[in-house]
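Undergrad: One structure, as structure tokens, below. Some questions next.
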Amino acid sequence: MSKLPAKAKCVVIGAGIVGNGMVYHLAKLGWKDIVQIDKGPLPNPGGSTGHASNFIFPVDHSKEMTAITAESMRQYKEWGTFTETGGIEVARTQERMQELARRITSAKSWGVDGGQILTPAEVKELVPYIDETVIVGGYYQPTVGVVDSLRTGTLMREAATEMGASQSFANIEVLDITVANGRVTSVVTDQGTIEADYVVIATGCWSPKLAAMAGAHIPLTPAVHQMKDIGPVPFFAGAKGDIEWPIVRDMDVFMYERQHGTGLEIGSYAHRPILYTPDDLPSNATAALSPTEFAFTQADFDIQDEHAYELMPSIVGDENVREKYAINGILSYTPDGMPILGETPEVKGLWSVAAVWIKEGPGTAKSVAEWMVLGDSEIDLHSSNIARFHEHQKAQFHIKSRVDESFNKTYGIVHPLEQYGSNRNVRLSPFYDAEKELGAVFYETAGWERPFWYDCNKGLVQKFGDKVMPRAAEWESRWWSPIINAEHLQMRESAGIVDLSAFTLFDITGPSALAVVQKAALRQMDVAIGRVVYTPVLGPNGGFKSDLTIMRLDTNHFRVVTGGAHGMADKKWFSDLLPADGSAQIFDLTSSYTTVGVWGPKAREIIQAITDTDMSKDAFKFSTCKVIEVGPLRVLASRISYVGDLGWEFYIPIEQGAKLWQMLWESGKKHEMIPVGIGVYGTTGRLEKSYRAYGPELETEYNVVEAGMQSPKLKEADFIGKDAHVKHRSETPVTVLCTLFVDDHTSSTGVNRYMMGNEPILTLDKQPIVDSHGRRSYVTSAGSAPSLGKHILMTYLPTELAVAGNKFIVEYLGEHYPCSVAQVGATPVFDATNERILA
Amino acid sequence: MDVLVCLKRVPLAGGTLILTPDSRDIETKHLGFGISPHEENAVEAGVQLVEQMGGTLTLLTLGPSDAEEQLRSQLAIGATRAVLIETDGQEWDPQGTAAALVDAINAEETKFDLIIFGAESADSAGYQIHIRVAHALNRPIVTNVKSMKIENGIASCERVVAQGREHYEAPLPAIVTVRDGLNIPRYPSVPGRMQARKKIVDMKKAEPRVPKLEKVTLALAPSKDKGAEILGKGADAVPALVDVLKQIGAF
Amino acid sequence: MILVLIDHDRGEIDALSLRALTAARKLGQDVEAVVIGNDGASLAAIAGEFGAKVLHVATHAAITDYTPMASGRALANLVEKLKPAAVLAAGSPRGNEQLAHLAAFLDIPMAAECSEITLGSPHHVLRARWAGNLIESANVHSDLLVATVLSFSVEPESINGAPASVSNFEPALEPADSVVKILSRDAGESKGGVTLSDAKVIVSGGRGVGGPDGFGNLEELAALLGGTVGCSRVVTSSGWRPHAEQVGQTGTKVAPDLYIAAGISGAMQHIAGMKNSKTIVVINTDPEAPILRYADYAIIGDLHQVIPALTSAIRQAKG
């Protein structure tokens, strides 16, 4: 074996499916001088890849996950390591049948076709060894398959070596990762030190340990997934290959069964969560099997044995079919269920590619390699961005409690609005006590407890009657209340006070502050002091990286206000733009300032009553901010609106927040001001105004012109994505973001149904709609427009179909509902001329 | 025919052991547990005898309450019931262990025709508990058995040594210790597991005795640990190996 | 005085007993030896050569061949008479078994497989556990120490002593003591004349061989080197090879001149059975396989390529 080099451009730590994928894709994109090391031997170093079950169901409710999986499948097929077997998710309950229909609609939205609902008898035809009487149906996906992940990894690693771009070394243990001036400098191993410009941590369940060496965080936990191989099964006696029968997922008991040669592998996500820390994992030498294959704990599997027996009695119930192999296999779990990808916010040049499962491996590797080499990935990875974590989310307590809670949801039916119950009440706004008193129902964002609606507004539901658009079906009533729509209507009549403490705030100051914000923002930031600018933030390809608001507080002082969920990623984005000479600095003020908003036709009167500052239309113009005095407080007031009504956001040091709330509250009483929750702020208010949100509408895959957000004049100053944006402006967009109304909500059983987002938009003959770039039309956001009595669907439509009045079909839980285009582009469906905001 | 098999819960270790900080035990935090290899053959022998001749197969172990896991696994293979003598979690010396086993066996209503042990435990290998039990119960004992037949109330046993096979006989009731190779132990089936959950495991307590063979500490045995001289990779290294073989006079 | 049990098979000494004698001598006391059965009397010369002053010969009509419980009784009788400080034997299956009977008769502790013994109050021993991977430091609370000597912890050293004087005695056997004894014998599980325990060269295969067919190459190499084929436990439990070929704690313990381990990662229980081989050569794809720590030489590579290449290279070299 040749000697470990002393220098490399990039060191990739780990030789599982991810590490091998990384060296291959980095090499393919032109990087040379890559060194790959692993603590274990090759080709199976002992990580989770070595014991993976290796099957791929191409469907997920997450678009990002589905796209990555599709790309991975494409690569596996290219390497010749994919075997298509088909797969069936079976349901034991009607609730699960609805979920399976929902999975098919997600599949259609994300471009995975061929799925169909089967009767129990049809399932049995495909899988003769099941007892069809225990199920009520199934979802058959013919494109499910099994891969050879070890072989694929080996092929990728060897290809990178053959390109002369990479060398791989086994049995090298990393002892330290050194950092200087916030940048990674070297990897210290038991066989010498490698200086490197980039270090990629692709070490699965060990990655937190490696990140910690550099002072960075990869918040995941190793967790057990149990599996048991039984055999030989007489029915499989003639099996020629590794797998010939469809994979079965027994969704309601959180299990799967797959034929494996003459055996049957039974896997489970039903057992109690068994979590470890990376330090618990043994070495190759001390492990009985491998470092990620722990001894099987039968007691945790007792119930699963019975469930497997119920579904496949002829095999599992055969006394002569015996356990061949059973393990507690270690996998990586994250507190929010998504992978952890990207450059660590703590250390420049140190990249994480962690919590990636077999079905995602090669696609993730390609995307992260693009991100490293080209500055951005073709597939939007924002849900997986390592920079998303807030400080408290890096705590072991958070990781463990969330994984403990979500482990059994791996196959669970997870409602899109479902809240975590564990580790709550971590970040409380100064208004929390007052809100609790008012009966706030709290949802969590970035650790903050935010009122979603207030029980004290229950009476308004009667007041507005059917205008609250009551929902009869349980699914879309879950995590929802008609009170939201009632609050909306009342705010439009009088005013509402909204807790916005979850905003992420950071200031950028110094002589280069303007240059920094100009570089990040699409919009002109060289504006008068006191201007408030709402601006998209673009990536190099002109797709969206964020949308946020920037206030110019002084010549060299800007304040960025952005959402809590994406705030930390935005902060890293801006931090990365700071010049090396220290001429601009960034300060996170999220935990220093709190934000509260008041909107509605009565907002001006309510504020004016408690301040001497002239709040009139012309004295305090829209899109401006200034410090006003409210009694004893000096408050930064900003006149903007995300809900479509006149009003202000107020920024105040946290310790004075309660006082401000109290003064606003008192003043609002005379004007029937109510507390309004995020249900209005984030959904109904926003959707009536056709406001786009980062994530659902705005993402890398779509550009400014397609989103209908181009300004008349192009900013002269340079900004990231400018070249691409200029090109986009010169072209006719192939797709346009539109606002649609649902025309008839009646289901086959006569119940009104309300879409929740991510449903496919189909032509009238029920065919998927695909634009010339291959992108499908699906509902990016859905929600009530109570002022209009309509249910709104936002969707991108191919330009030729984006015509007001055009009729389409939306598929929801397996049924079809008519809908039509209400507005093309960004023009709001409510108060199109913005009279209310500008009042 | 009523058979008793004595088992011991032992860690399933990898290629290298780690000790606890006090050096009194091996670190088991990431190890699973099983029974000693020879004991799997003991259970298989018991199951086969009961299958052929009828009767019951009882399992007996002394150990922590967690040893129930090992008993259930073996019940899943076909044993009838099990008895667990719960200890304080400490390792007991051979005399204390044997005495507790003898008390438990004497307390059983069933008078076992045959008691089977594994030839040695994976962890302590003291080579004596079975013999002490035989003395206490006044029974003949044949050790290291690799082939066994029960006929006409006699256990006819073979032991394999370098020179060949030795033949022994012991009239029942008797005790034998068996070695791997006696049979091919079966693994549990799922129905077996499910039945095992319903089988009885009697939990008993026994008072520890002051150990006469008193463990003070454990240490890892020095391995050769000079590390192999790597002659090279793949078939290219063959000439180097041929040179080595010549040097040591292998041909 | 230290009393050492010399084990024998119909008058032929078990060489491991000489190691026990050597270990006994190192305790600094007089050493006397004991054999069970008439035919052991012929061992007075060698017992003396290795330091025993007296050879006690237990003779009894019921002892016609190996009769382990009777051995225990005989030793118990002798202990009562001679009051030795310790009784030692080789750490062999028979040594362990006979001393365990002694300890059971006297209801005193026994320490098996000791690599170091210090007499005292209590006595102190180091003894092998976990197939020799662990060493236990233990105190033995008993006036008389009963212990067996870990086979390879001491090399036999002759002091060219005069033949031991023979002292016959008849143990007071109970009928039960001689119920279990060797009644008859068969020849070994012979394979082409070379048994595993006798082989000078063993070519051993593990999981890496991949299946029963893969052993053909190993057999060819073994034959060429005048040796025999061995295997690891996974191979016999998969039914690829007969159990008689299994090397390890649960199979046969071997110590050939040359041990070639191909595709064997080195589970503890396998190592226990082969680590005393003179030269160990490993052929394995995994450079971190535990067995490498015990090996003298290694080739990192696929045995399916290396073994045929080796076979033809040796053939060429032999001419």
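Undergrad: Identify, from the list B:Asp236, B:Asp202, the residue that is among the acidic types (Asp, Glu) and touching a residue at least 24 places away in the same chain (Cβ under 8 Å). Quick ask: steps written out before the conclusion?
TA: Values: B:Asp236 fails: touching a residue at least 24 places away in the same chain (Cβ under 8 Å).
Selected residue: B:Asp202, the only one of B:Asp236, B:Asp202 that is among the acidic types (Asp, Glu) and touching a residue at least 24 places away in the same chain (Cβ under 8 Å).
Undergrad: Those residues that are more than 7 Å from every other protein chain (Cβ to nearest Cβ), small (Gly, Ala, Ser) and part of a helix (DSSP H, G or I), I need them from region C:302-319; list them, please.
TA: Answer for region C:302-319, where residues must be more than 7 Å from every other protein chain (Cβ to nearest Cβ), small (Gly, Ala, Ser) and part of a helix (DSSP H, G or I): just C:Ser312.
Undergrad: Another question about this same structure. If A:Ile172 meets every condition in (1) hydrophobic (A, V, I, L, M, F, W, C); (2) touching a residue at least 12 places away in the same chain (Cβ under 8 Å); (3) more than 14 Å from chain C (Cβ to nearest Cβ) apart from one, which number is that one?
TA: Condition (3) is where A:Ile172 drops out.
Undergrad: Filtering region C:223-247 down to residues that are assigned to a helix (DSSP H, G or I) and either among the basic types (Lys, Arg) or under 24 Å from the mean Cα position of the chain (by Cα) (or both), which residue is nearest to the other protein chains (Cβ to nearest Cβ)? Steps first, please.
TA: Filtering region C:223-247 down to residues assigned to a helix (DSSP H, G or I) leaves C:223-224, C:233-237, C:243-245.
If we keep only those that are either among the basic types (Lys, Arg) or under 24 Å from the mean Cα position of the chain (by Cα) (or both) as well, we get C:233-237, C:243-245.
Numbers: C:Arg233: 7, C:Val234: 12, C:Val235: 13, C:Thr236: 7, C:Ser237: 7, C:His243: 4, C:Ala244: 8, C:Glu245: 10 Å.
Per the criteria, the residue is C:His243.
Undergrad: Only one of these conditions is not met by A:Met255: (1) farther than 21 Å from B:Arg197 by Cα; (2) more than 10 Å from chain B (Cβ to nearest Cβ). Which number is it?
TA: Single failed check for A:Met255: (1).
Undergrad: Now for a separate question. Right, C:Thr250: at the interface with another protein chain (Cβ under 8 Å from one of its Cβ atoms) and surrounded by 24 or more Cβ atoms within 10 Å (Cβ to Cβ) or not? Show your work before the answer.
TA: Working: at the interface with another protein chain (Cβ under 8 Å from one of its Cβ atoms): yes; surrounded by 24 or more Cβ atoms within 10 Å (Cβ to Cβ): yes.
Answer is yes for this residue.
Undergrad: Additional query: Would you say A:Pro282 is free of Cβ contacts under 8 Å to residues at least 12 places away in the same chain and surrounded by 21 or more Cβ atoms within 10 Å (Cβ to Cβ)?
TA: Working: free of Cβ contacts under 8 Å to residues at least 12 places away in the same chain: yes; surrounded by 21 or more Cβ atoms within 10 Å (Cβ to Cβ): yes.
Considered against the rule, which asks whether it is free of Cβ contacts under 8 Å to residues at least 12 places away in the same chain and surrounded by 21 or more Cβ atoms within 10 Å (Cβ to Cβ), A:Pro282 comes out as yes.
Undergrad: C:Ser115 versus (1) in contact (Cβ under 8 Å) with a residue 24 or more places away in the chain; (2) part of a loop (DSSP other than H, G, I, E, B); (3) more than 8 Å from chain B (Cβ to nearest Cβ): which is the lone unmet condition?
TA: Every listed condition holds for C:Ser115 apart from (2).
Undergrad: Hey, which of the strands (runs of 3 or more DSSP E) in region A:1-97, taking only ones fully inside, have at least 2 residues that are assigned by TED's automatic domain parsing to the domain that holds A:Pro278, modelled with pLDDT of 95 or more and under 23 Å from A:Ala196 (Cα atoms)? Spell out the reasoning first.
TA: Working: elements: A:7-13, A:34-37, A:82-84, A:87-91.
Because the criterion is at least 2 residues that are assigned by TED's automatic domain parsing to the domain that holds A:Pro278, modelled with pLDDT of 95 or more and under 23 Å from A:Ala196 (Cα atoms), the strands (runs of 3 or more DSSP E) in region A:1-97 that meet it are A:7-13, A:34-37.
Undergrad: Hey, any hits in region A:108-118 for a residue that's in a loop (DSSP other than H, G, I, E, B) and β-branched (Val, Ile, Thr)? Don't jump to the end; show me each part of the working.
TA: So the first thing to find is which residues in region A:108-118 are in a loop (DSSP other than H, G, I, E, B), and the list is A:110-115.
Adding the requirement that they be β-branched (Val, Ile, Thr) leaves A:112.
Yes - at least one qualifying residue is present in region A:108-118.
Undergrad: Could you check C:Val209 against (1) facing chain B (nearest Cβ under 10 Å); (2) touching a residue at least 40 places away in the same chain (Cβ under 8 Å); (3) buried (at least 24 other Cβ atoms within 10 Å of the Cβ); (4) more than 23 Å from the chain's Cα centre (by Cα) and say which number it fails?
TA: Result: C:Val209 fails condition (1) only.
Undergrad: Here's another thing I want to ask about it. Could you tell me whether region B:38-55 includes any residue that is closer than 21 Å to A:Ala295 by Cβ and either part of a strand (DSSP E or B) or free of Cβ contacts under 8 Å to residues at least 12 places away in the same chain (or both)?
TA: Among the residues of region B:38-55, not one is closer than 21 Å to A:Ala295 by Cβ and either part of a strand (DSSP E or B) or free of Cβ contacts under 8 Å to residues at least 12 places away in the same chain (or both), which makes the answer no.
Undergrad: Within the group C:Pro68, C:Pro93, which residue is farther than 17 Å from C:Leu16 by Cα and within 14 Å of chain B (Cβ to nearest Cβ)? Spell out the reasoning first.
TA: Working: C:Pro93 fails: farther than 17 Å from C:Leu16 by Cα.
Going through C:Pro68, C:Pro93 in turn, just one is farther than 17 Å from C:Leu16 by Cα and within 14 Å of chain B (Cβ to nearest Cβ): C:Pro68.
Undergrad: Just to check your reading of the model, which residue among B:Val5, B:Val10 is at the interface with another protein chain (Cβ under 10 Å from one of its Cβ atoms), of a type outside the set (S, T, N, Q) and under 20 Å from B:Thr97 (Cβ atoms)? Explain how you work it out, then say what you get.
TA: Details: B:Val5 fails: at the interface with another protein chain (Cβ under 10 Å from one of its Cβ atoms).
Sole residue among the options that is at the interface with another protein chain (Cβ under 10 Å from one of its Cβ atoms), of a type outside the set (S, T, N, Q) and under 20 Å from B:Thr97 (Cβ atoms): B:Val10.
Undergrad: Mind checking which pairs have a first residue in region C:285-297 that is in contact (Cβ under 8 Å) with a residue 12 or more places away in the chain and a second that is of a type in the set (A, V, I, L, M, F, W, C) and part of a loop (DSSP other than H, G, I, E, B), Cβ under 7 Å, 6 or more apart or different chains?
TA: Note: pairs meeting the criteria are C:Pro287/A:Ala170; C:Pro290/A:Ala285; C:Ile291/C:Ile264; C:Leu292/B:Ala228; C:Ala295/B:Ala228; C:Asp296/B:Ala228; C:Tyr297/B:Ala228.
Undergrad: Somewhere in region B:208-227, is a residue within 8 Å of chain C (Cβ to nearest Cβ), among the small types (Gly, Ala, Ser), outside any loop (DSSP other than H, G, I, E, B) and surrounded by fewer than 15 Cβ atoms within 10 Å (Cβ to Cβ)?
TA: Among the residues of region B:208-227, at least one is within 8 Å of chain C (Cβ to nearest Cβ), among the small types (Gly, Ala, Ser), outside any loop (DSSP other than H, G, I, E, B) and surrounded by fewer than 15 Cβ atoms within 10 Å (Cβ to Cβ), which makes the answer yes.
Undergrad: Hey, can you tell me all the residues within region A:65-110 that are more than 19 Å from the chain's Cα centre (by Cα), within 28 Å of A:Arg151 (Cα to Cα) and polar (S, T, N, Q)?
TA: Residues satisfying the conditions are A:Gln75, A:Thr81, A:Thr83, A:Thr85.
Undergrad: A further question follows. Do any strands (runs of 3 or more DSSP E) entirely within region C:1-102 hold 3 or more residues that are within 22 Å of C:Leu144 (Cα to Cα) and under 18 Å from the mean Cα position of the chain (by Cα), and if so, which?
TA: On the way: elements: C:2-5, C:31-36, C:54-58, C:86-90.
It comes to C:86-90.
Undergrad: Suppose we filter region C:267-301 for residues that are facing chain B (nearest Cβ under 9 Å), closer than 15 Å to C:Gly205 by Cβ and within 20 Å of the chain's Cα centre (by Cα); how many remain?
TA: 2
Undergrad: Filter region B:13-42 for residues that are away from chain A (no Cβ under 14 Å) and hydrophobic (A, V, I, L, M, F, W, C) and give the result.
TA: Within region B:13-42, just B:Ala42 meets the criteria.
Condition check ((1) more than 11 Å from chain B (Cβ to nearest Cβ); (2) in contact (Cβ under 8 Å) with a residue 24 or more places away in the chain) across all residues:
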position: C:His124; (1), (2): no, no
position: C:Ala131; (1), (2): no, yes
position: C:Ser153; (1), (2): no, yes
position: C:Pro163; (1), (2): yes, yes
position: C:Glu170; (1), (2): yes, yes
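Undergrad: Looking at B:Gln70, is it in contact (Cβ under 8 Å) with a residue 60 or more places away in the chain, under 20 Å from B:Gly55 (Cβ atoms), part of a helix (DSSP H, G or I) and within 16 Å of the chain's Cα centre (by Cα)?
TA: On the way: in contact (Cβ under 8 Å) with a residue 60 or more places away in the chain: yes; under 20 Å from B:Gly55 (Cβ atoms): no; part of a helix (DSSP H, G or I): yes; within 16 Å of the chain's Cα centre (by Cα): yes.
Criteria not met by B:Gln70.
Undergrad: Hey, another quick one. Failed condition for A:Glu672, given (1) within 19 Å of A:Ala440 (Cα to Cα); (2) within 29 Å of the chain's Cα centre (by Cα); (3) not hydroxyl-bearing (Ser, Thr, Tyr), with all others met?
TA: (2)
Undergrad: How many residues does region A:11-57 contain that are over 21 Å from A:Thr81 (Cβ atoms), under 28 Å from the mean Cα position of the chain (by Cα) and not β-branched (Val, Ile, Thr)?
TA: Looking only at that region, the number is 1.
So that you can scan it fast, the table gives a plain yes or no per residue for (1) facing chain C (nearest Cβ under 9 Å); (2) closer than 30 Å to C:Leu126 by Cβ; (3) of a type in the set (Val, Ile, Thr):
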{"position": "B:Leu101", "(1), (2), (3)": "no, yes, no"}
{"position": "B:Asn106", "(1), (2), (3)": "no, no, no"}
{"position": "B:Tyr127", "(1), (2), (3)": "yes, yes, no"}
{"position": "B:Ile154", "(1), (2), (3)": "no, no, yes"}
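Undergrad: Evaluate the following for A:Val680: is it part of a loop (DSSP other than H, G, I, E, B) and crowded, with 23+ Cβ neighbours inside 10 Å?
TA: Numbers: part of a loop (DSSP other than H, G, I, E, B): no; crowded, with 23+ Cβ neighbours inside 10 Å: yes.
It is false that A:Val680 is part of a loop (DSSP other than H, G, I, E, B) and crowded, with 23+ Cβ neighbours inside 10 Å.
Undergrad: Would you please name the residue that is surrounded by the most Cβ atoms within 10 Å (Cβ to Cβ), looking only at residues in region A:573-586 that are closer than 22 Å to A:Gly342 by Cα and not charged (D, E, K, R)? It would help to see each step written out before you state the result.
TA: Step one: list which residues in region A:573-586 are closer than 22 Å to A:Gly342 by Cα, which gives A:573-580, A:586.
Remaining after also requiring not charged (D, E, K, R): A:573-575, A:577-580, A:586.
Details: A:Trp573: 21, A:Phe574: 24, A:Ser575: 18, A:Leu577: 18, A:Leu578: 18, A:Pro579: 13, A:Ala580: 6, A:Ile586: 19.
Looking at residues that are closer than 22 Å to A:Gly342 by Cα and not charged (D, E, K, R), I get A:Phe574.
Undergrad: Yes or no: A:Asp305 touching a helix residue (DSSP H, G or I) at 6+ places or on another chain (Cβ under 7 Å) and either within 30 Å of A:Thr185 (Cβ to Cβ) or away from chain B (no Cβ under 14 Å) (or both)?
TA: Taking the combined requirement at face value, the residue does not satisfy it.
The values are calculated or read from the model by the stated rules, or taken from the named source; none is laboratory data. Owing to the predicted nature of the structure, the values given are computational and were not obtained by experimental measurement. Heads up, the Cβs are rebuilt from the backbone with ideal geometry, glycines too, and the neighbour counts pull from every protein chain shown.
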